[in-house]
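**Student:** Before anything else, here's the structure in question.
The values are calculated or read from the model by the stated rules, or taken from the named source; none is laboratory data. This is a predicted model, so every value here is computed, not measured. Neighbour counts run over all protein chains shown; Cβ positions are idealised from the backbone, glycine included. Surface accessibility is based on the protein's heavy atoms, side chains included, excluding ligands, DNA and RNA. Shrake-Rupley method; radii C 1.70, N 1.55, O 1.52, S 1.80 Å.
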Amino acid sequence: MSGERLQVVDGPAAGTQIPLAGEQDFGQKAGELGTLGNDQRLAAHHARISRGPTGELVFYDVGARGGTYLNGKRVSNAVVLTTGDRIQIGDTTLELAGPAMPEPVASEPVLSEAYRELTGETAAEIPVTQEPLQGLLGGTVLS
């Protein structure tokens, strides 16, 4: 799977989303997103998320004294992440989310325009009755 992201749910960077395209380091010496809003409880090199050989996300502590936690349990070995997992690093809590959902496409104006071209009416002017349903169902409509 690709397109996963981390949602920072608590800590100095709360509300931030971190896309997980490849490897992501966390710590005071990590890139901008990896410092988690300059979380002061992070070690210089605290934790890392990378892709495994089949595309899975693998999380591991890189030797931080403060430790890292996955779903409330201390992490000492590499672990595979799944959607919904909660990671605690320093004073920050992150939650693994799946790919962002695309914005819905507004289809109503297109349908309304097509209907108007065919009938000369707008979709709002269509009377709502049960007769068309009776024809489709081949009998009486139960209500």
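**Student:** Which numbered condition in (1) touching a helix residue (DSSP H, G or I) at 6+ places or on another chain (Cβ under 6 Å); (2) among the β-branched types (Val, Ile, Thr); (3) at pLDDT 95 or above is the only one that ILE18 fails?
**Tutor:** (3)
**Student:** Given the criterion modelled with pLDDT of 90 or more, open to solvent by 30 Å² or more (accessible area, probe 1.4 Å) and among the basic types (Lys, Arg), identify the matching residue among ARG51, ARG65, ARG116.
**Tutor:** The match here is ARG51.
**Student:** Check LEU33 against each of (1) of a type in the set (A, V, I, L, M); (2) over 18 Å from GLN7 (Cβ atoms); (3) within 22 Å of the chain's Cα centre (by Cα) and name the one condition it does not meet.
**Tutor:** Answer for LEU33: the failing condition is (2).
**Student:** Looking for something of a type in the set (Val, Ile, Thr), assigned to a strand (DSSP E or B) and free of Cβ contacts under 8 Å to residues at least 40 places away in the same chain - is there at least one such residue anywhere in region 15-26?
**Tutor:** So far as region 15-26 goes, no, none of its residues is of a type in the set (Val, Ile, Thr), assigned to a strand (DSSP E or B) and free of Cβ contacts under 8 Å to residues at least 40 places away in the same chain.
**Student:** Restricting to region 16-26, what's the tally of residues that are open to solvent by 70 Å² or more (accessible area, probe 1.4 Å), of a type outside the set (D, E, K, R) and touching a strand residue (DSSP E or B) at 6+ places or on another chain (Cβ under 7 Å)?
**Tutor:** Within region 16-26, residues that are open to solvent by 70 Å² or more (accessible area, probe 1.4 Å), of a type outside the set (D, E, K, R) and touching a strand residue (DSSP E or B) at 6+ places or on another chain (Cβ under 7 Å) number 2.
**Student:** Here's something else I'd like to know. Inspect all residues belonging to region 27-45 and state whether any of them is at positive phi, open to solvent by 30 Å² or more (accessible area, probe 1.4 Å) and not in a helix (DSSP H, G or I).
**Tutor:** Checking region 27-45: at least one residue is at positive phi, open to solvent by 30 Å² or more (accessible area, probe 1.4 Å) and not in a helix (DSSP H, G or I).
**Student:** I'm trying to understand the selection: among the residues of region 2-14, which are part of a loop (DSSP other than H, G, I, E, B) and on the phi < 0 side of the Ramachandran plot?
**Tutor:** Those that are part of a loop (DSSP other than H, G, I, E, B) and on the phi < 0 side of the Ramachandran plot: SER2, GLU4, PRO12, ALA13, ALA14.
**Student:** With (1) modelled with pLDDT of 95 or more; (2) closer than 14 Å to GLY63 by Cα as the list, and VAL9 as the residue in question, which single condition is left unmet?
**Tutor:** (2)
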